[in-house]
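Novice: This is the structure I have questions about; it appears just below.
The values are calculated or read from the model by the stated rules, or taken from the named source; none is laboratory data. What you see is a predicted model; the values in this text were computed from it and never measured. Ideal geometry is used to build each Cβ from the backbone, glycine not excepted, and the neighbour counts take in all protein chains shown.
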Amino acid sequence: MRRFTATVVLTAGVLAAAPTPGFSQDEPTSSTSALVDQTTLPNALDLKGERPQSDSSVIPAAATEMPAELRDLGTPPSLALPDSPDQVRIHELRPLTLDEALTLAEVNSPSLKAAASQVDQAKSSLRAAISAWYPTVDLSANGLPSYLKSYNYRNPDFVPGIAGENETYDREKRADVSLSVRWDIIDPARVPEIASQRDAYEQSRDAYLIALRDLRLQTASSYFQLQEADEGVRIGQASVRASLVSLRDARARFNAGVNTKLEVLEAETQLARDRNLLTDRLASQDLARRGLARELALPQDITPTAATPSAPLGLWEPSLQESIVAAYNYREELDQLILDISIDNSRANSSLAAVQPVLSFVNTTTSFRSEGQSGVSSLGDIDMDDYTWGAQNTTALTATWRLFDGGRARAEYRRFKRAAEESAYNFASTRDGIRFEVEQSFINLRSAIQNIETTSSEVLSSRESLRLSQLRVQAGVSTQREVVDNQRDLTNAEIRYARAIREYNTSLAQLQRRTGLDALIACPANTLPAQKPEAEGMVIPIEPTPLKTACQMGAVAGQTEAIP
C-alpha cells in the first residue's frame with residue numbers, strides 16, 4: 001500500500017510539474033491576425049521532388065539478430081503446424097521488457113519479413129526493366145544432330161529409264177546452329193517503363209518503413225495493454241482481500257449482536273462483485289498476453305509477461321506545430337502518393353509508345369553441316385564421309401511503326417493522366433488525415449496527463465476514506481454500507497489510474513510513429529525502498545474458487561431467499 005502511494009504521488013508530481021507541450025499554441029494569438037494565403041504554400045513536388053527516395057536513416061533500423069538471452073524465443077518455421085495438444089500447451093511464462101518485446105517483434109515478425117521480401121521482388125522487377133537497354137542474344141539449333149534415312153520409289157510408267165533407277169536412297173546426319181543478336185536502338189517505351197519500375201521499387205522501400213513503424217507501434221500498444229491488465233489483476237486481488245476482511249469483521253459484529261444481517265449481506269455482495277472484477281481482469285490478462293505473443297511471433301509453448309510495471313515513458317518535448325510539420329516531412333505515405341503520380345505519368349508515356357516507331361539492329365549468323373548422301377540408287381553405295389557445311393551472316397536495321405490502333409494509345413494516355421490527378425487528390429486527403437492523427441494524439445496526451453493527475457489524487461483520497469470508514473465502523477459510529485461504497489470508489493479510481501497511464505504511453509508511442517520523432521524526455525527514476533514493505537495487519541489469502549457451470553449458477557441466481 002505504501003509503495004503504491006509513493007508511486008502515485010511521485011508520478012503525479014512529475015506530470016503535473018512538467019509543461020504541457022505545445023497546447024497553448026493552439027489558441028489564436030490575435031483576433032485580427034491575418035490568415036495564411038493557402039495559395040502561397042510550398043508545393044510538395046518542390047519540397048520532396050517528383051520522385052522522392054526513401055530515407056531509412058529517419059528511423060532506427062530493425063533488429064536482425066536475436067540477443068543471446070532471447071535466442072530460444074525465435075519464431076517457428078513459417079510452415080510449421082502443430083498436430084498435438086502438447087505442442088501448443090504453455091510450458092513457460094517469460095517476463096519481457098518493452099525493449100526486448102520490440103526486438104523480438106522486429107526479428108520474428110512474418111509481416112515485416114513479407115514486406116522485406118516485397119522490396120527484393122521490386123528490386124528484381126527493376127533489374128528486369130533495366131535489361132531493356134542491353135541486346136538480346138538467342139541461340140537456336142535444329143538437330144544436335146538429326147538423322148535422316150529414307151527410301152524413294154517412282155512409277156516407271158511415267159519416268160522411263162533403266163530398271164532400278166527409279167529407286168533412290170537417302171542417308172544423312174545434319175546439324176544447324178543459328179545465333180541471333182537484337183538490340184533496340186530506339187524504343188520509346190523503354191525509359192518510361194524503367195522509370196515506373198524504379199518508382200515501384202521506392203514505393204516498396206517506403207512500404208517496408210511503414211510496416212516497421214506500424215509493427216513497433218502495435219507491439220508497444222500491446223505491451224501497454226498487458227501492463228494495464230497486470231495492474232487490473234493486482235487491483236482485483238487487493239479488492240478481494242479487502243472484501244474478505246470486511247466480510248470477516250461484519251460476521252464477527254453480527255455474532256456479537258452489534259449489527260444486523262443486512263450489513264453481512266452487503267459485505268457478501270461486495271465480495272461477489274470484487275471476485276467478478278478479478279475474474280474479468282484475469283481474463284483480460286490472459287488475452288493481453290496471448291495478443292502480445294501473436295505480435296512477437298513467439299514459439300507455440302511460451303507466453304510473454306510484462307517484466308516492468310506500468311509507468312509513464314517520458315515527456316513529449318516538441319510543440320503541436322513542430323510535430324505536424326515533422327509528420328509531413330517524414331511520413332512515407334505522402335512519398336508513396338507522389339510516387340503514384342510519377343508512376344501514372346510514366347505509364348501514360350509508355351502507352352503512347354505503342355504508336356511510335358521502334359528501330360532495332362539485328363545480326364543473325366547461321367551455320368550448318370551435313371554428312372552422308374541423298375538420291376543414291378543403292379543403299380550400299382552411300383558414303384557417310386561425304387559432307388557439306390556452310391555459314392551465313394546477315395546484318396540489318398529493322399523498323400516497326402504502328403500507324404493506327406483505333407485510338408487505343410491516346411485513350412490509355414488519358415486514363416493514366418486522370419489516375420495521376422486522382423493520386424494528387426489522395427495526397428491532399430492523406431495530408432489532412434496525417435494532421436488530424438497528430439492532433440488526435442496530442443489531444444489524447446493532454447487528456448491522459450489530466451486524467452493521471454486527477455485519478456492519482458482520487459486514489460489517495462479514496463484510500464484514506466476507506467481507512468477512516470473502517471475505523472468508524474470499528475468504533476460503532478458508521479455502517480458497513482460506508483465501507484462498501486468507499487472500497488468500490490477506491491477500486492474504480494485505481495482502475496481509472498491504470499487506464500490513464502496506458503492511454504498516456506499509447507499516445508506517446510503514436511506521436512513517435514506519426515511524426516518520425518524520438519523526442520522523449522525520460523522521467524526521473526522513482527526513489528523506492530530496495531525491499532517490499534511488509535503488509536499491515538493480517539494477510540488474507542485469496543482462496544481458489546471452483547469453477548461451476550453456467551447452468552448451475554443460473555439456477556442459484558433464480559432462486560429467491562427470504563431474509564428474516
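Novice: From Phe442, Phe416, Phe436, Phe427, grab the single residue that is modelled with pLDDT of 95 or more and assigned to a helix (DSSP H, G or I).
Specialist: Phe436
Novice: Within the range 65-86, can you find the residues that are surrounded by 10 or more Cβ atoms within 10 Å (Cβ to Cβ) and not in a helix (DSSP H, G or I)?
Specialist: Within the range 65-86, Met66, Pro67, Gly74, Thr75, Pro76, Ala80, Pro82 qualify.
Novice: Turning to a different aspect of this structure: Which of the residues spanning the range 87-107 are more than 13 Å from Ala306 (Cβ to Cβ) and in a loop (DSSP other than H, G, I, E, B)?
Specialist: Scanning the range 87-107 gives Arg89, Ile90, His91.
Novice: Still on this structure, please answer the following. Determine the pairs where a residue that is over 15 Å from Glu332 (Cα atoms), located within the range 49-69, has a partner that is of a type in the set (Asp, Glu) with Cβ atoms under 7 Å apart, the partner being 6 or more residues away or on another chain.
Specialist: Going by the 7 Å Cβ cut-off, the qualifying pairs are Ala62/Glu106; Ala63/Glu106.
Novice: Say whether the condition of being surrounded by 17 or more Cβ atoms within 10 Å (Cβ to Cβ), part of a helix (DSSP H, G or I) and free of Cβ contacts under 8 Å to residues at least 40 places away in the same chain is met by at least one residue in the range 243-251.
Specialist: The answer is yes; a qualifying residue exists.
Novice: Among the residues of the range 470-524, which ones are β-branched (Val, Ile, Thr) and closer than 29 Å to Gln237 by Cβ?
Specialist: Listed by number, the residues that qualify are Val473, Thr479, Val483, Val484, Thr491, Ile495, Ile501, Thr506.
Novice: For the range 456-514: of the residues being among the acidic types (Asp, Glu) and surrounded by fewer than 21 Cβ atoms within 10 Å (Cβ to Cβ), which is nearest to Pro312 (Cα to Cα)?
Specialist: Glu503
Novice: Which of the helices (runs of 4 or more DSSP H) contained wholly in the range 259-356 include at least 3 residues that are among the acidic types (Asp, Glu) and crowded, with 20+ Cβ neighbours inside 10 Å?
Specialist: 261-296, 332-352
Novice: Now, a different point. If Thr454 meets every condition in (1) without any contact (Cβ under 8 Å) to a residue 24 or more places away in the chain; (2) closer than 30 Å to Leu490 by Cβ; (3) touching a Lys or Arg at 6+ places or on another chain (Cβ under 6 Å) apart from one, which number is that one?
Specialist: If we test Thr454 against (1) without any contact (Cβ under 8 Å) to a residue 24 or more places away in the chain; (2) closer than 30 Å to Leu490 by Cβ; (3) touching a Lys or Arg at 6+ places or on another chain (Cβ under 6 Å), just (3) comes out false.
Novice: Could you pull out the residue among Asp138, Asp120, Asp157 that is surrounded by fewer than 14 Cβ atoms within 10 Å (Cβ to Cβ), farther than 30 Å from Gln225 by Cα and at pLDDT below 90?
Specialist: Of the residues listed, the single one that is surrounded by fewer than 14 Cβ atoms within 10 Å (Cβ to Cβ), farther than 30 Å from Gln225 by Cα and at pLDDT below 90 is Asp157.
Novice: Test Arg198 against the stated conditions and say whether it is assigned to a helix (DSSP H, G or I), basic (Lys, Arg) and surrounded by fewer than 17 Cβ atoms within 10 Å (Cβ to Cβ).
Specialist: It is false that Arg198 is assigned to a helix (DSSP H, G or I), basic (Lys, Arg) and surrounded by fewer than 17 Cβ atoms within 10 Å (Cβ to Cβ).
Conditions (1) surrounded by 13 or more Cβ atoms within 10 Å (Cβ to Cβ); (2) over 16 Å from Leu215 (Cα atoms); (3) of a type in the set (Lys, Arg), marked per residue:
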| residue | (1), (2), (3) |
| --- | --- |
| Val88 | no, yes, no |
| Val107 | yes, no, no |
| Pro110 | no, no, no |
| Lys113 | yes, no, yes |
| Arg127 | no, yes, yes |
| Trp133 | no, yes, no |
